[in-house]
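Participant: This is the structure I have questions about; it appears just below.
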Number of protein chains: 6
Amino acid sequence: MNRKILASGNLQIQRFFNLDTRAYEEGALSSKVKELLGLVASLVLRCDDCITYHVICCVEEAVSDAEFFEAFNVSLVVGGSITIPHVRRAVERLEECRKLNKPHLSKRT
Amino acid sequence: MNRKILASGNLQIQRFFNLDTRAYEEGALSSKVKELLGLVASLVLRCDDCITYHVICCVEEAVSDAEFFEAFNVSLVVGGSITIPHVRRAVERLEECRKLNKPHLSKRT
Amino acid sequence: MNRKILASGNLQIQRFFNLDTRAYEEGALSSKVKELLGLVASLVLRCDDCITYHVICCVEEAVSDAEFFEAFNVSLVVGGSITIPHVRRAVERLEECRKLNKPHLSKRT
Amino acid sequence: MNRKILASGNLQIQRFFNLDTRAYEEGALSSKVKELLGLVASLVLRCDDCITYHVICCVEEAVSDAEFFEAFNVSLVVGGSITIPHVRRAVERLEECRKLNKPHLSKRT
Amino acid sequence: MNRKILASGNLQIQRFFNLDTRAYEEGALSSKVKELLGLVASLVLRCDDCITYHVICCVEEAVSDAEFFEAFNVSLVVGGSITIPHVRRAVERLEECRKLNKPHLSKRT
Amino acid sequence: MNRKILASGNLQIQRFFNLDTRAYEEGALSSKVKELLGLVASLVLRCDDCITYHVICCVEEAVSDAEFFEAFNVSLVVGGSITIPHVRRAVERLEECRKLNKPHLSKRT
C-alpha cells in the first residue's frame with residue numbers, strides 16, 4: 001500500500017516517508033533507544049499499526065521482555081487506562097515475534 | 001500544588017502519583033532512557049508542563065544536545081507539525097537549563 | 001490477555017491495573033455515576049474496547065436507555081462528530097446487552 | 001467573546017452553542033451528574049478553559065470535595081499522568097470557588 | 001445504525017446530526033472545499049469511518065487525484081507519521097471509488 | 001526560536017521544517033484552500049500557536065469573514081465543544097488582523 005502512495009507522484013509525501021525511515025537510524029541515540037521512543041509514542045497516541053511496526057523493530061533491536069514491559073509501564077502511566085487495549089495488543093504482537101523462535105530474537109529477561 | 005492534591009486524602013490519587021514517580025526509576029532500562037521516553041510521550045501528547053519536567057530530568061541524566069535533538073526529531077516525525085510549538089518551548093527550557101552553568105550539566109554534543 | 005500482562009512480573013503494571021479497578025468502586029460518588037464518567041471519557045477519547053467495557057458495567061449498574069442517550073449526547077457535544085462512529089458502536093453494544101434479556105438488565109426508560 | 005462569535009451571523013454556530021448549553025440541563029440524568037461528565041471529559045481531553053467552566057458549574061451543583069477528588073481520580077486513571085497539570089489547575093480553580101465563601105457553596109466533605 | 005440513534009427519541013442528538021449534515025452544504029465556501037476540510041480533520045484526528053465518509057463525498061465533489069494527494073500531504077505534515085496508516089486506508093478507499101468506474105467519478109489528475 | 005532549532009545542526013529537523021513550508025504552496029489545490037485545511041486541522045487538534053499562524057496566512061490569502069466562520073463551524077462540528085475556546089481565540093486573532101486596516105486585508109463578507 002505504501003508503494004501506491006509513493007507511486008502517486010507526490011514528491012513531498014515521498015520525502016516525508018524518507019524522513020520517517022531515517023528518524024530511527026543509529027545516531028547520538030542508538031536505533032534501539034529510538035525504536036523504544038517510537039513504540040512509546042505509538043502507544044500513548046494509540047495507533048495499533050504503528051505499535052505493531054515498532055514492536056517488530058524493537059524485537060530486531062534485541063529489546064528484552066523486561067525492557068518491553070518497562071516501556072509499556074511508562075506508556076500506561078503517561079497515557080492512562082485508555083492505552084490498556086493497545087498495550088494488550090502490543091503484548092500479543094510481542095508473543096508472536098518471540099514464537100517465530102529465531103535464536104537471536106528469543107526471550108531475554 | 002501537588003501537595004494540595006496529596007493532602008486531599010484521596011488514597012488512590014496518592015498511589016497514582018507514586019506509580020508516576022517510580023515509572024522512571026533505574027531498571028532493565030536506564031533512568032536516562034526512561035526520561036527520554038517520558039519526554040517524547042509528552043511532546044507527541046503536547047503537554048508543556050510535562051515537557052518542561054522531562055527536559056529538566058533529562059538534563060540531570062546527562063542527555064547531550066545531539067541526543068535531545070534526535071529525540072525532538074522523532075517527536076516531530078511521529079507527531080507532525082502540530083508539535084512544533086512544543087518542540088520550540090522544549091528548546092527554550094533546554095537553553096535555560098544549560099545556562100544554569102553547572103559543569104556536570106553543561107553542553108555535551 | 002490481561003492475565004499475560006499481569007504474569008509479566010512487572011509489579012507497577014499490576015498496581016496500575018488495581019488502581020484502574022478501584023477507581024469505579026462505590027464512594028462519595030456511586031459506582032453508577034463513576035461508570036458513566038468512564039463511559040463518557042472513553043467516548044470522547046474514542047476507544048472502542050473501553051466503550052464496550054463501560055457500556056456493560058453501566059448496564060450492570062442499571063443505567064436506563066434515556067440516561068445512556070443523555071450521556072451519549074454529552075459525549076457528542078463535547079467530542080464532536082468524530083465521536084459518531086463510536087456512539088454508533090456503543091448503541092450496538094447496548095442493544096446486545098439488552099437482548100440478553102436478563103430481567104434486571106431490561107430496558108428502563 | 002462568545003458574543004462576537006454569536007454576532008457573526010453564522011446560524012449553525014449559534015445552534016451548536018445552544019446544543020452545548022442544553023446538554024447539561026436536568027433530564028433523565030441530573031444536572032449535577034452531567035456537569036461531572038463534562039468535567040471528566042474536559043480533563044481527559046485536557047482543555048483548561050473547559051475544566052474551569054465545569055468546575056464552576058459543579059460547585060454550583062453542590063458537588064462536594066470528596067466527589068470532586070473521586071472524579072479527578074477517574075480522570076487521572078483513564079487519561080494518565082499527562083492530565084496531572086490539568087488536575088492541578090482544576091484543584092486551584094476549586095479552591096478559588098470555595099474561598100468565595102458563599103455558604104451554599106462551602107466545603108462539603 | 002444512525003436510524004437507531006435517531007429513533008432513540010433524544011432530540012438533541014437528532015439536532016447534532018442535522019448540524020453535522022448542514023456543515024458541508026454549499027455556502028461562502030464550496031461543498032468541495034468543505035468536504036476537503038472534513039477529510040483533513042478526519043485524517044489528523046485519525047477516524048477511519050469518518051475518513052471513508054469524506055473520501056466518498058470528495059469523490060462525488062469531483063476532487064482529482066492530485067488534489068487528494070495534496071490534502072493527504074497536508075494531513076501527514078500536520079499530523080505526523082501516526083497518520084500514515086489512515087492515509088493508507090484513505091488511498092484504498094479512493095481506489096475503490098475510482099474502480100466503480102462511473103464516468104463522472106473517474107480519475108482526474 | 002525556529003532559528004535556534006534550525007541552528008542545532010539536526011538536518012532532518014531542517015528538512016521537516018522545509019516540508020512544512022512547502023505543504024501550503026500553490027498546487028492542484030490553491031494556497032488559500034491549503035491554508036484553510038491547515039486552519040481546520042489546527043483547530044480540531046487544538047493548537048493555539050498553529051491556529052494563530054494559519055489565521056494570519058488565511059487573511060493574507062484573502063479569506064472572507066463568512067468563509068472563516070464556515071471553516072470555524074466545520075471545526076466545531078467535527079471537533080466538538082472542546083474546540084470552543086480555540087475558536088474564540090481564532091476570532092480574536094482574526095479581529096486583530098482586520099484592525100491592522102490594510103485595505104487588501106479588510107473585511108469581506
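The values are calculated or read from the model by the stated rules, or taken from the named source; none is laboratory data. Values in this document were obtained by computation on a predicted structure and should not be read as measured data. Using ideal geometry, Cβ is built from the backbone for each residue, glycine included, and neighbour counts are taken over all protein chains shown. These area figures cover heavy atoms from the full protein model, side chains too; ligands, DNA and RNA do not enter into them. Shrake-Rupley method; radii C 1.70, N 1.55, O 1.52, S 1.80 Å.
Participant: Which one of the conditions (1) in a helix (DSSP H, G or I); (2) open to solvent by 50 Å² or more (accessible area, probe 1.4 Å); (3) within 14 Å of chain F (Cβ to nearest Cβ) does C:R88 fail to meet, given that it meets all the rest?
Facilitator: (3)
Participant: Moving on to the next point. Using the structure shown, decide if C:T83 is surrounded by fewer than 21 Cβ atoms within 10 Å (Cβ to Cβ) and hydroxyl-bearing (S, T, Y). Before you say what the answer is, go through the steps one by one.
Facilitator: Details: surrounded by fewer than 21 Cβ atoms within 10 Å (Cβ to Cβ): no; hydroxyl-bearing (S, T, Y): yes.
When the stated conditions are applied, C:T83 does not pass them.
Participant: Additional query: Only one of (1) modelled with pLDDT of 95 or more; (2) open to solvent by 30 Å² or more (accessible area, probe 1.4 Å); (3) outside any helix (DSSP H, G or I); (4) more than 7 Å from every other protein chain (Cβ to nearest Cβ) fails for D:K32. Which number is that?
Facilitator: Of the numbered conditions (1) modelled with pLDDT of 95 or more; (2) open to solvent by 30 Å² or more (accessible area, probe 1.4 Å); (3) outside any helix (DSSP H, G or I); (4) more than 7 Å from every other protein chain (Cβ to nearest Cβ), the odd one out for D:K32 is (3).
Participant: Next up: Checking the structure you have, find out if any residue of the stretch B:100-109 is at pLDDT 95 or above and either open to solvent by 10 Å² or more (accessible area, probe 1.4 Å) or more than 14 Å from chain E (Cβ to nearest Cβ) (or both). So that I can check it myself, show each step before the final result.
Facilitator: Our first condition is that a residue be at pLDDT 95 or above; within the stretch B:100-109, this holds for none.
No - not one qualifying residue is present in the stretch B:100-109.
Participant: Any idea which of C:G38, C:G27 is among the small types (G, A, S) and part of a loop (DSSP other than H, G, I, E, B)?
Facilitator: C:G27
Participant: Residues in the stretch A:40-55: is at least one more than 13 Å from the chain's Cα centre (by Cα), under 22 Å from C:R3 (Cα atoms) and within 7 Å of another protein chain (Cβ to nearest Cβ)?
Facilitator: no
Participant: Separate question: With (1) in a loop (DSSP other than H, G, I, E, B); (2) in contact with an Asp or Glu (Cβ under 8 Å, 6 or more places away or on another chain); (3) at pLDDT below 95 as the list, and B:G9 as the residue in question, which single condition is left unmet?
Facilitator: (2)
Participant: For A:V63, only one of the following conditions fails: (1) assigned to a helix (DSSP H, G or I); (2) open to solvent by less than 20 Å² (accessible area, probe 1.4 Å); (3) over 25 Å from E:D48 (Cβ atoms). What is its number?
Facilitator: Only one criterion in (1) assigned to a helix (DSSP H, G or I); (2) open to solvent by less than 20 Å² (accessible area, probe 1.4 Å); (3) over 25 Å from E:D48 (Cβ atoms) is unmet by A:V63, namely (1).
Participant: All but one of (1) at the interface with chain E (Cβ under 8 Å from one of its Cβ atoms); (2) over 15 Å from E:A28 (Cβ atoms) hold for F:N10; state the number of the condition that does not hold.
Facilitator: The one condition F:N10 does not meet is (1).
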